[in-house]
Amino acid sequence: MAIGSGLSVANLYYSQPLLERMADDFSASASRMGVVATATQVGYALGMMLLAPLGDLLERRRLIVILLGATALTLAAVASSPTFGWLAVASLAMGAATVTPQIIVPFAAAIAEPHERGRVVGTVMSGLLIGILLARTASGFLGSHLGWRAVFWLAAGLMVGLMFLMAKELPKSTPTLVGTSYAALLRSLGGLVRDLPELRTSALFGGLAFASFSVFWTVLAFHLAGPPFGYGSDVVGLFGLVGAAGAMAAPLVGTFADRRGPRWSIGLGLTTMLASFVVLAAFGSSLPGLVVGVLLLDVGAQCNHISNQTRIYGLAPEARSRLNTVYMVSFFLGGALGSATGAAAWPRFGWPGACAVGSAFLVAALVVFATTNWDRPRIGAGDAGGSAVSPGAEPSA
């Protein structure tokens with residue numbers, strides 16, 4: 001599950017170190033290339049909204065295999081893009097198809113024992129996070145030697161191979177919902193948002209944190225291409241290795257959340273990310289400053305993300321795929337907002353402006369964190385209301 005999550009989620013991030021090369025190919029500006037990164041994340045949010053809830057309704061192994069096949073086709077469309085418009089639309093479709101990790105993570109949470117759910121989620125998330133970070137390293141290196149299109153052709157081939165691996169290795173699952181229509185399934189998302197304030201706050205923490213994360217990775221290629229660096233995509237990709245070192249701590253973060261509760265680890269993650277932007281703003285014109293900033297940013301991001309997921313998976317066991325849908329839609333809408341604002345800030349304000357935008361998202365998250373009531377009892381599966389957890393059922397009195 002960790003391998004499948006890592007390889008599939010990587011598709012969303014291959015473009016980031018290649019944005020400058022892709023811009024040259026299509027004669028596009030930096031702000032225009034931000035559309036590609038934004039389209040990918042908006043597509044992912046749409047896929048999360050429309051496809052990921054099916055994990056509660058359908059057999060998960062079969063659903064995963066089908067989605068991997070669709071992802072391979074959209075990656076081929078990106079690789080063969082003849083125009084910038086085609087590239088943007090294909091990136092949107094690829095983002096929508098690449099929701100496999102968000103089927104796998106709730107699947108892992110469902111088969112884990114309650115007392116070790118944080119550790120299990122952390123283990124699978126470590127694979128996912130390493131996939132995110134090493135995607136940039138691999139695409140930066142391959143893009144500098146083979147061209148950016150080759151990266152997406154190779155990714156399409158990987159998805160075909162992963163289809164066969166998942167079909168062979170994953171266990172079959174039993175759907176948690178029976179006799180429910182697709183429309184009722186989607187309508188139940190609103191009930192979950194309405195009835196679970198913990199879900200609302202975790203979705204907000206996740207979205208704002210990923211917005212700041214995306215600001216950095218959207219502008220990094222342009223920052224390193226200019227003075228005083230003058231580096232290409234291969235060096236940009238190497239920064240993924242720095243973050244991958246931090247991702248190895250993911251299971252420890254999950255264990256910490258199991259023992260101390262999510263408040264400590266969410267607050268620690270947000271504060272660490274804010275500290276990273278202070279370092280990046282002050283020392284981002286030197287390689288050591290960038291390395292320290294990236295390490296802090298990735299450790300803080302995974303601490304916040306894993307803790308939020310561990311928190312929401314304990315709210316309503318029958319609705320884990322839909323809980324994950326609400327959270328991850330907010331997460332990637334935040335990422336799309338971060339990519340768009342980062343790309344807009346870069347031409348006007350440069351590196352200091354991008355760091356200011358990233359910090360602003362985190363300050364907003366910490367304000368909400370400080371004013372959140374953490375003493376409210378958790379709502380279990382039987383308390384969330386029939387309309388929220390079991391579509392089509394009558395709400396409890």
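The values are calculated or read from the model by the stated rules, or taken from the named source; none is laboratory data. Since this is a predicted model, take the numbers as computed values, not measurements. Cβ: placed from backbone, ideal geometry, glycine included. Neighbour counts: every protein chain shown.
In region 170-187, the count of residues that are farther than 24 Å from Thr310 by Cβ and touching a Gly at 6+ places or on another chain (Cβ under 6 Å) is one or more. Checking Val151, Val120, Val124 one by one, the residue that is in contact with a Leu (Cβ under 6 Å, 6 or more places away or on another chain), surrounded by 20 or more Cβ atoms within 10 Å (Cβ to Cβ), of a type in the set (A, V, I, L, M, F, W, C) and assigned to a helix (DSSP H, G or I) is Val151 and no other. Checked against (1) in contact with a helix residue (DSSP H, G or I) (Cβ under 9 Å, 6 or more places away or on another chain); (2) closer than 17 Å to Ala23 by Cα; (3) surrounded by fewer than 21 Cβ atoms within 10 Å (Cβ to Cβ); (4) not acidic (Asp, Glu), Gly85 meets all criteria but (1). Please specify each residue of region 270-286 satisfying the condition of being in contact (Cβ under 8 Å) with a residue 60 or more places away in the chain and hydrophobic (A, V, I, L, M, F, W, C). Those that are in contact (Cβ under 8 Å) with a residue 60 or more places away in the chain and hydrophobic (A, V, I, L, M, F, W, C): Leu270, Met273, Leu274, Phe277, Val278, Leu280, Ala281.
Out of Val242, Val235, one residue alone is surrounded by fewer than 24 Cβ atoms within 10 Å (Cβ to Cβ), at pLDDT below 85, over 21 Å from the mean Cα position of the chain (by Cα) and among the hydrophobic types (A, V, I, L, M, F, W, C). It is Val235. Given the condition in contact with a Gly (Cβ under 8 Å, 6 or more places away or on another chain) and of a type in the set (Gly, Ala, Ser), answer yes or no: does some residue in region 47-58 qualify? Yes, region 47-58 contains at least one residue that is in contact with a Gly (Cβ under 8 Å, 6 or more places away or on another chain) and of a type in the set (Gly, Ala, Ser). Quick check: is even one residue across region 97-108 under 27 Å from Leu189 (Cα atoms) and either surrounded by fewer than 23 Cβ atoms within 10 Å (Cβ to Cβ) or more than 15 Å from the chain's Cα centre (by Cα) (or both)? Within region 97-108, one or more residues are under 27 Å from Leu189 (Cα atoms) and either surrounded by fewer than 23 Cβ atoms within 10 Å (Cβ to Cβ) or more than 15 Å from the chain's Cα centre (by Cα) (or both). Number of residues in region 350-397 that are at pLDDT below 50 and farther than 21 Å from Ala316 by Cα equals 0. The condition (being farther than 28 Å from Met33 by Cβ, of a type in the set (Val, Ile, Thr) and at pLDDT 85 or above) is satisfied by just one residue among Thr310, Thr325: Thr325. Would you confirm whether or not region 87-101 contains a residue that is over 29 Å from Ser27 (Cβ atoms) and either in a helix (DSSP H, G or I) or not polar (S, T, N, Q) (or both)? Scanning region 87-101 turns up at least one residue that is over 29 Å from Ser27 (Cβ atoms) and either in a helix (DSSP H, G or I) or not polar (S, T, N, Q) (or both). Candidates are the residues of region 42-55 that are crowded, with 20+ Cβ neighbours inside 10 Å and within 28 Å of Ala28 (Cβ to Cβ); the one that is modelled with the lowest pLDDT is Ala45. Before we move on, is Val120 aliphatic (A, V, I, L, M) and either over 23 Å from Pro106 (Cα atoms) or at pLDDT below 90 (or both)? So Val120 fits the description; yes. Within region 103-131, residues that are of a type in the set (Lys, Arg) sit with their Cβ atoms under 6 Å from residues that are part of a helix (DSSP H, G or I), at 6+ positions apart or across chains, in these pairs: Arg117/Ala109; Arg119/Pro251; Arg119/Gly254; Arg119/Thr255.
Only one entry of Leu58, Leu134, Leu63 meets the criterion of being of a type in the set (A, V, I, L, M), surrounded by fewer than 24 Cβ atoms within 10 Å (Cβ to Cβ) and not in a helix (DSSP H, G or I), and that entry is Leu58.
Scanning region 163-178 for any residue that is over 25 Å from the mean Cα position of the chain (by Cα) and at positive phi turns up nothing.
Testing Leu208 on (1) closer than 21 Å to Ser8 by Cβ; (2) in a helix (DSSP H, G or I), one condition comes back false. Which one is that? Of everything listed in (1) closer than 21 Å to Ser8 by Cβ; (2) in a helix (DSSP H, G or I), Leu208 misses just condition (1).
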